[in-house]
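Below is one structure; the comments refer to it alone.
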Amino acid sequence: MTDRIEAAAAELRPLLQEFILWARENAPGSDSNLVGSVVLWHRLIASDNVGRWKRADLRTVLLDRMPQVVEDPDAAADGMVPAVRAYLTFLSETDRLAKGSSSLKELLAELDDLEDDFVDAMEDIVVDQDEYEDDEEDEGLGDFEPFADELAELPTIRLRPDAELAAATREATLITKARDLAVWVGYERRVGETSLLTDAEITEALAALGLPAPTAAGKALADSVPALWNIWNLAIDLDFLQPEGEDTVSADADTADWPFEEDDDALDVWMAGLHSIDYGDPELEDEEATIALSGLTRALLVRVLLATGSKPLAELRAELAEAAAEYDERGAEAWAAATAQYGDPLNPVLDWLAGYGMVEVEHDQVRLTPLGMEGVVHLTDDADIELDARPAIDAMTALDLLSFSAELPEEEADAEFAAWMELREPDRAAKELLEAAAEDDADALVRVQAASMVGSLGEVAVPAWQDALDEPSLRPYAATHLAQLGVDDAPPPTQADTHWLILDMLTISAGLGRPEFVSSLDDIGNVPNLVNLLDVIWKVPHPHLEELLEAIGKAHPDKQVGKAAKRALFKARSTHN
């Protein structure tokens, strides 16, 4: 992000937040999130005053610029013009439509005139995207999609427990700097339009952060301190800084308390700023050269991940230089400019990632930290790319084990269970598994998985099964296994217990699709047996009873079964009501 765009975005953020609040009550049908890019580009290319709008500005921004920068043309075609209409109305009704603007009536009339052209332009983009979807080139240097197949083939990634990750976030120096900057900002500090801070304030802020003052002459101070603005933006991302009205900003009340004691709170803060990794991209004098290297930080991360978390710096440098030249016609030139400015184009990338706790560099080897591995897994998930990522065995809770095992092939699930069991006494493991299965009585798959695992432990699990008799969702399993183990004084399984087990089985098969569901119904017995079952099973207080009865009525091909299911559903609903 260039200095100019950063400054404009920061300038507009308070105004846009006020508009979003206004729109909720005054224009609830509009998508206020679509306005941001329009307002930003209006400020950058049409007017130095965010409140001055002329009819010609709308055509310039919507028809000339938006087709070049819009991310979702479908959404823009449906909602951008109504959203801009709401925004202009907001400016007028809150007296923010500046002197020299066209009247609101003229602006809205212009919007009406160009709406069809705008929609056509968006639809053209959609057509072009569909036409070249199969052979379109990668989006950019930081795009993960070209590596999707390689990422899917990576061995299992083991993630560390939240307590360890939270401790690492508290050591992240960039978060500390963002806190220090917010504390320096204080309460209701006024910000300017062209530069957020005056030269004197910039000097103070640099001192508060321990950043060196720029030495370059002939350049405005605000344009010479990109590191300051990156930390300013990070503070906003972390909610350490909050807009207070149109032209003021304040530190959040809790900011000074960082590092937060609660692990969840610390991790939430870190995750809120995860996309700040983009601030690590080199920032050059030439705006187009800066754009050519945008995504460099993400490009480094994905390559380190593909190397299973560690890769020589020299190899990274060579690969990324080649990738930059491939992705942008000015990439090689930009790489050379970044080399001249930083010594190594990867220096700002690694500095930012290290400051955010994601990488370590030792002996010219770049390594993802546990926090960095967690972050890259989230980034790949954001890109809709699946990784085999699981908690480390020593950090895996019983619920983690049950949830992951339910999705794994049988042999792999058995291996996970065996590795997990090596760290626990069998009686304790049985108790943990059944307690985890009891947390959500609607999760039949986890319950069946737990019963299977605990059942494999034999007599050592008897105390855990006896405790589980008091849990309604587990009693059917406990009674069945205690009977199988021949435990004295154990209550025998009842007909209601058997029915509960059947409903759990049907719940799981219903999630697999209609053919599997009908097949599981056939396994229960012939039509008369199934009708007899439906005449009594409606009494079982199973969390999925009603939806299963409704599904049976729709899915089973025999009319007798369908009618019996509808009768049972009526009785179940009447009893519930």
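Listed values, structure above:
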| item | result |
| --- | --- |
| Segment 167-185 residues that are closer than 15 Å to Asp254 by Cα, paired with ones that are β-branched (Val, Ile, Thr) and not in a helix (DSSP H, G or I) (beta carbon under 7 Å, 6 or more apart) | Val185/Val249 |
| Residues that are among the β-branched types (Val, Ile, Thr) and over 42 Å from the mean Cα position of the chain (by Cα), drawn from segment 487-504 | Val487, Thr494 |
| Residue tally, condition in contact (Cβ under 8 Å) with a residue 40 or more places away in the chain and closer than 25 Å to Gln449 by Cα, over segment 506-538 | 7 |
| Segment 446-476, subset more than 37 Å from the chain's Cα centre (by Cα) and closer than 19 Å to Gln495 by Cβ, residue surrounded by the most Cβ atoms within 10 Å (Cβ to Cβ) | Pro476 |
| Thr169 vs. criteria under 27 Å from Val359 (Cβ atoms) and among the hydroxyl-bearing types (Ser, Thr, Tyr) | yes |
| Any helices (runs of 4 or more DSSP H) falling wholly within segment 5-79 and containing at least 1 residues that are without any contact (Cβ under 8 Å) to a residue 12 or more places away in the chain | 55-59, 66-69 |
| Ala354 being open to solvent by 30 Å² or more (accessible area, probe 1.4 Å), of a type in the set (A, V, I, L, M, F, W, C) and under 23 Å from Val225 (Cα atoms) | yes |
| Unique residue being touching a helix residue (DSSP H, G or I) at 6+ places or on another chain (Cβ under 8 Å), over 21 Å from Leu350 (Cα atoms) and surrounded by 17 or more Cβ atoms within 10 Å (Cβ to Cβ) when the list is Val225, Val183, Val191 | Val191 |
| Those residues of segment 71-86 which are closer than 22 Å to Ala10 by Cβ and open to solvent by 20 Å² or more (accessible area, probe 1.4 Å), in sequence order | Glu71 |
| Selected residue (criterion: farthest from Tyr187 (Cα to Cα)) from residues of segment 236-265 that are among the acidic types (Asp, Glu) and in contact with a strand residue (DSSP E or B) (Cβ under 8 Å, 6 or more places away or on another chain) | Asp247 |
| Enumeration of residues in segment 506-523 that are touching a helix residue (DSSP H, G or I) at 6+ places or on another chain (Cβ under 6 Å) and either open to solvent by 50 Å² or more (accessible area, probe 1.4 Å) or not hydroxyl-bearing (Ser, Thr, Tyr) (or both) | Leu506, Ile508, Ala510, Arg514, Glu516, Phe517, Val518 |
| Tally, over segment 269-294, of residues that are open to solvent by 10 Å² or more (accessible area, probe 1.4 Å) and either over 11 Å from Ala338 (Cα atoms) or basic (Lys, Arg) (or both) | 10 |
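The values are calculated or read from the model by the stated rules, or taken from the named source; none is laboratory data. Please read these numbers as outputs of a predicted model, since none were measured by experiment. Reconstructed Cβ throughout: ideal geometry from the backbone, glycine too, with neighbour counts over all protein chains shown. The protein model used for the area step is the full one, side chains on, heavy atoms only, and it has no ligands, DNA or RNA in it. Shrake-Rupley method; radii C 1.70, N 1.55, O 1.52, S 1.80 Å.
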